[in-house]
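Only the coordinates and a few stated rules stand behind these numbers; no lab work does. Not measured: the values here are computed from a predicted model. Counting neighbours? That spans all protein chains shown, and the Cβs are built from the backbone with ideal geometry, glycine included.
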Amino acid sequence: MVKEEEDSSNRPDNTAFTQQRLPAWQPILSAGIVIPGFVLIGLAFIGIGVGLFLTSRDIQVLEMDYTGADGSSPCSVCYNLADKNCVCTMSFSIDSLIKGPVFFYYGLTNYFQNQRRYGVSRDDKQLYGDTSNFASPNSECAPYQYISNVPIVPCGSVANSMFNDTFELFKNVNGQSLPVPLDGKGIAWWTDYNVKFQNPNVTPLINAFNGTVRPPFWSKNVYELDTTDASNNGFINQDFLVWMRRAALPDFRKLYRRITDGDYSAGLPAGNYSLKIHYNYPVNGFGGKKKVVFSNVSWMGGKNEFLGIAYLVIGSLCVVMSVVMLIVYAKFKFPEDN
Amino acid sequence: MLRRGLNRLLGVDERRVDNRTIYIGHQSSLVNEDFIPPKFCDNRIVSSKYTVWNFLPKNLFEQFRRIANFYFLIIFLVQVIVDTPTSPVTSGLPLFFVITVTAIKQGYEDWLRHKADREVNKYQVTVLENGQETPKESENIKVGDIVQVKENETFPCDLILLQSTRDDDTCFVTTASLDGESNHKTHYTVPDIERDLKSLNATIECEQPQPDLYKFNGRMHIYKTNQDPAVRSLGPENLLLKGATLKNTQKICGVAVYTGMETKMALNYQGKSQKRSAVEKSINAFLLVYLCILLSKALVCTTLKYVWQSKPGQDEPWYNKKTQKEKDTNLYLKMFTDFLSFMVLFNFIIPVSMYVTVEMQKFLGSFFITWDKDFFDPEIQEGALVNTSDLNEELGQVEYVFTDKTGTLTQNNMEFIECCIDGFQYKHRGASSELDGFCVTDGPVNKLQQKAGREKEELFLRALCLCHTVQVKESTEQDQREDNLDQVDGLRIDENVLQPPQKERGFIASSPDEIALVKGAMRYGFTFLGLESKTMKILNRNKDVEMYDLLHVLNFDPVRRRMSVIVRSGSGEMLLFCKGADSSIFPRVRQEEVERIRLHVERNATEGYRTLCVAYKRLSEEEYAQADAGLREARLALQDREEKLLAVYNQVETGMSLIGATAVEDRLQEEAAETMEALQRAGMKVWVLTGDKMETAKSTCYACGLFQRKTELLELTVRTLEDGERKREERLHELLGEYHKRAVQDAPPVKAGGTRVCFASNQDYGFIIDGASLSMVLNSSSESNMRSYKDLFLQICQNCTAVLCCRMAPLQKAQIVKMVKSSKGSPITLSIGDGANDVSMILEAHVGIGIKGKEGRQAVRNSDYAIPKLKHLKKLLLAHGHLYYHRIAHLVQYFFYKNLCFILPQFLYQFFCGYSQQPLYDAAYLTMYNICFTSMPILAYSLLEQRISIEDLIEDAALYSENAKNAMLRWGLFLYWTGLGAFHGLVFFFGVRFLFSNPALQDNGQVFGNWSYGTIVFTVLVFTVTLKLALDTRHWTWINHFVIWGSLAFYVFFSFFWGGIIWPFMKQQRLYFVFANMLSSVSAWLVIILLILLSLLPEILLVVLRNPRGPYTRKIAAVTPLSYKHLNEQK
């Protein structure tokens, strides 16, 4: 091939790119690759599915509704919240040991934490400890921005509606109620606790909140959420943090406590228990339900049958497909090749 | 009554409408007192669209007329006004960007047009004012000005020729840039006017401007003192058109009659309207569907919201109190704003970025045409040129190709190929390099001397030298050089070797093949020296000069199709030489001579040469005297002169003896035949539209294989119309009906659609029509006839493999294109041409292609694409067009798909969040999805994808018809993609929904919130959509790899980054560590993998199951590794 020397400025560059001749790889999904591939994927999926399914089956869950809407529940006296500081007690028994660590969740249904207006009604700057936003909260916080011109801290609907039922768990041993220690640490995301939410850098903490008022629904101030432990008080109170992470769906559960300490580190042993509920949170207005859940978790998290079944189905689908394809190829492809 | 009265009232205006009166040189002496100077437009040419002042409003208006831009504007305004889930910036910024870029691009294009206009308008011309030569700018020429034009200049406006420097009061012009005829045409001065134009006192009365180039009617009144005004009639032979070039004449003077936008050239020039591609129309249709989807989604959500809220406790639960303002708002207003909010929330389903990507794809993609080295022509040192990138994909959709002949199919370079004397074939050595197999049957083809009797030979050559109307050009240096350039190099050298250079002479004739014949005779030793006062001089082989008195010229006309001369030789012999088409000569010669020649003639004709037969006859004195008398009498006849002349001609041209035949080739462009064949095999129909004569055009069609030997020709020309005695109208009706019967009704029914390959049908038809007949078809007197004629004509044409339209005015060419364009199924048309006469059809067709030929630059300037040679059309359409179409069609479908499965989960989420317009994804994801995460892979795909390699596309033209009729953007496929998008959207949303039935997804028991939900869905979405494209990619270059894996990596990186920092300017830190937390959950990983695979599973299955049985897939698989190898070898 003779290379032409008389190149002019007009002559297009003879490069692979400009001539659309870049070396290219053509993937060919041939039967030889796809059928074994499908079999492999299918088998792998079935394997994972079996694992997930078994794991999920082993997770023990104890779920109890304590709304009290139907009247038969011990908490029905509190349902209408006629009485402040209403306390009710639910008794239950566990047949076999719930392996530890056991997680204690509370659940709400028909509760739209994912409402848009509700969700934007918060001030992350406040919660980051930025005191400039204490005096003038984000306007999105309305209608919980000011009460008669005094700024609300923490402002907004989300903070205002913080879940305020509290629970105490007792194990009934020989007629005695022994309290089960509940651990309120480690229930919120590490980053929320350490970075995203911060108390204002003021000591004592109460001074930072001068000239502000607590959310109208709250019975105590934010700096009084946990007076026993400074590292769980104010904006970094873990119950508060859990609440502030909005649930994705209207029926949700949130982590309340972990049962890890002392005698219960191995789990909740079989026996009779009573749950003392300080019933404060109203749900009758919107027909919601409240429940508590005791559950242990595995490497995949809480109990969830869906994932295991889905893996099994898809995996077997892949295997079936590969068989179908094998038949199709045997019928159409191979004679052509000969 | 009323009408008449009105007419009387408006009488003055009416006169102005009919005629215009021009005062030559603005002679004031003629102007009587009540004269109102008529207003004519000035000589300015305006092709630009905007001025500085109206650019902004006009451009904005035009841009917002685009349905998409308008839509985005509305969405933006809604976001500004109403409280919506997303900020106005998310849609405002991209819109602003798009509008600005488009405005800049269009402004620049218009600036270029302004520049071009200025160049024309500021051109310096010389105007005679009171006999003084004054320089003027071209735009200042007024009607009535006397303009002086020098040789090789173009006329600045339409002029009536008053004076020429030539002795015979003529001048020569070429109208190559007007009608494509490059020969010299003779124009005449107005007879009997003063030499001194200063004293000329005259007015011209002529018709109002009209676009027909060949028509002009006018009168000149010449006023002389003490005399009655003389009246001269003016015709087209006196009119010099703007755009034509003065040749072979030193200087002329003429008076401007039409100026500026009223010149015939400007009237033939149609405004450049913006062309829209079929793909764009499809996009708009799809857009409407998606708009409907969007509206119904918003409507459903709004309705359900209020239904849901009507249940007790749902409207305003205690934890989510409304503000006072919300409570006070009117219910219906609330509904309306909710509806708008939903619109805004879902508006991403119609992505502004698609328009940006499509524009980028078109703009960047067009570089591959400019860069293609196959389009580089070493002769003119130029490659292809792209004027509009909007139409790239249209190149892959062409169904009708309209091509000009002169300069496009042919080089317009006649060459004498061979002759046949007394049945013996003579072929000039070296004239044609290829050896023809058929020579053998005639006996050896050798030197001239060994063939037919010397006497016959010389007679034949003398005939060639004498029987013509060629003039010898007074050669100047410059002309010779031009002449040289016109020739193909190789040939030139040959001739230079054969003859000493001083014998080079230029010839001028009305037809280029006459020159070719004279030059042919010159090769064999007989040189025509020129005509001097009725004496023709010939230099014969023995270098003797022979003299012949030219007694009569029996002119050529298209009805007789022959011409003759009667000469008296030096020895006093009277000779009649006649040359003409075989059909007109054969009946007039002795039959025994015919057979020997006929064979050659027919063979040459099928070779595509233009053949002429030459006959002669000796006239006795008496015969001559009789003929002479007859001719003179007929010439002087006042009535029926034409008929009488014809009768005498026919009488004289009888009983001749045939001496031979000639074959002249109008050399085709390189690879013209191959190109045409490829186009036809690709399912395109080729129409030749030319201003040239029918015979010439027909032979070209044969030569480039558009007409084959077995093609049955259906002619609808003036000749066939005048066959019978009946009126043309009736005959037209009859012929149309007959042809329709033959070509349409009797033809075997063919499948409609582009997949048909024309060669398959058993009988080919070719259709020939000329300009006059066409105008009868199109402008038939009665309305009803017109419609039916047009339909008949179209139907006939659609069933013909090739159509030839000859003697077309430029505007008629555009009319034909328009007619086909608007016919049933609105096929995509392409026009290709090289001269200014093709401009109107280039502008009219969906795609206009200019050839960078010799005839100026008008065609190139007005075209959408310009290529140096006709042969480049093949690659442009078959390879580039096919690929562009495939790419952009996939781009469009993919874009709609990916936005549907983007927005569908967000729509479904409304059912779970109380219809509160809660976005599922974070704002950053909403904005970046189309801009960053998924835009680059599809852009790379749409620039680089080669489903079938370029070599195969060129080799197998039939592949082109795969995409015919917008195949990849049909509703069926659109539905498939939409279904796929919906399926993916459902899988994404509900897969994650079921996972979230227990939101404790981490092994530490902690729960995930709504942003984790959205992020999982979004991650699945980004991966699926990108991998779907990866599955579709058949041509993985490193760029594809880089971009596909790169954007996935970028997504991951971005998510870490976005969630890794507390952004001080953000009101909410929604995504803080959401992504990282998600990745710490095994369940999230598993669900992402599961959903991606589940979404792609049907796709993979489809690819696999379709693969072995698709018609071309096997081929693709087989050849691609090959082309890869090719490349390696080349390197």
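Note on B:537-547: average number of Cβ atoms from other chains within 10 Å of each residue's Cβ is 0. Relative protection proxy for B:651-658, B:303-310, B:80-87, from highest mean packing down: B:651-658, B:80-87, B:303-310 (other beta-carbon atoms within 10 angstrom). Pairs over the 21 Å Cα-Cα cut-off, from the set B:685/B:824; B:185/B:869; B:818/B:965; A:84/A:290: B:185/B:869. Per-residue mean of foreign Cβ neighbours for B:324-335 is 1 (Cβ atoms of other chains, 10 Å radius). Counting only lysines at least 8 places from residue A:99 when in the same chain, those with an alpha carbon closer than 19 Å to its own are A:171, A:303.
When the C-alpha to C-alpha distance is required to be over 32 Å, the pairs from B:698/B:790; A:291/B:321; B:49/B:898 that qualify are B:49/B:898. Rounded to the nearest 500, the helix-only mean residue ellipticity at 222 nm of chain A stands at -8000 deg cm²/dmol, with each DSSP H run of n ≥ 4 adding -39,500 (n - 2.57). Bridgeable lysines around residue A:125 (alpha carbons under 16 Å apart, same-chain partners fewer than 8 residues away excluded): A:196, B:1067. Cross-link reach is defined here as a Cα-Cα straight distance under 17 Å, omitting same-chain residues fewer than 8 places apart; for residue A:289 the lysines meeting it are A:254, B:311. For chain A, A:318 have no disulfide-compatible partner, since no other Cys C-beta lies under 4.7 Å from theirs.
Each peptide in A:131-144, A:103-116 receives the mean, over its residues, of other Cβ atoms within 10 Å, and ordering these scores from highest gives A:103-116, A:131-144.
Report the net charge of residues surrounding residue B:242, where surrounding means a beta-carbon distance below 12 angstrom and charges are Lys +1, Arg +1, Asp -1, Glu -1. Value of the local net charge: -2. When the chymotrypsin sites (Phe, Trp or Tyr not before Pro) in segment B:911-978 are filtered for DSSP coil states and for at most 15 other beta-carbon atoms within 10 Å of their beta-carbon, the remaining sites are B:911. Within 10 Å of the Cβ of each residue in A:237-249, the mean number of Cβ atoms contributed by other protein chains is 4. Report the far tail of the P(r) of segment A:68-296, meaning the percent of Cα-Cα pairs longer than 32 Å. Pairs farther apart than 32 Å: 23 percent. Here the label points at residue B:632 and residue B:710, each 7 Å from Cα along the C-beta direction, are separated by 5.8 nm in the simple model. Seen from a random direction on average, the alpha-carbon convex hull of the protein assembly as shown projects onto 75.0 square nanometres. Each peptide in B:886-899, A:173-186 was scored by the mean count of other Cβ atoms within 10 Å over its residues; highest first, the order is B:886-899, A:173-186.
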